[in-house]
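Inspection log for the structure reproduced underneath, given as structure tokens.
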């Protein structure tokens, strides 16, 4: 499932995801004054609860990017990269309680 901001509320994007068999959770855009409403065959699916959980993933990725070694991908192998992510989590939890 793809969960995205309302900036990605385009019929072209929704059609592409549907053709690939991917479900989408994208809120519809609010209309500006004088704008015409698009004619859609069906109302797009949107779950507010799923969209709310998107914030957790975004915060995690933002936090991992603060760990410079992970963001710049100094580690080339998957095993080493995973080890550095684990070290970053340990460091976060230790510093949190100091």
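What follows is calculated from the coordinates using simple rules that are stated; it is not laboratory data. Quantities reported herein were computed from a predicted structural model and do not represent experimental measurements.
Alpha-carbon geometry of the chain: the Rg and the Dmax are 19.2, 57 Å, given in that order. Once the Cα atoms are used to define both axes, helix 48-66 deviates from the longest principal axis of the chain by about 40 degrees.
For every helix of n ≥ 4 consecutive DSSP H residues, a contribution of -39,500 (n - 2.57) applies; sum these over the chain, divide by its total residues, and give [θ] at 222 nm rounded to the nearest 500 deg cm²/dmol. Using -39500 (n - 2.57) per qualifying helix, the result is -16500 deg cm²/dmol.
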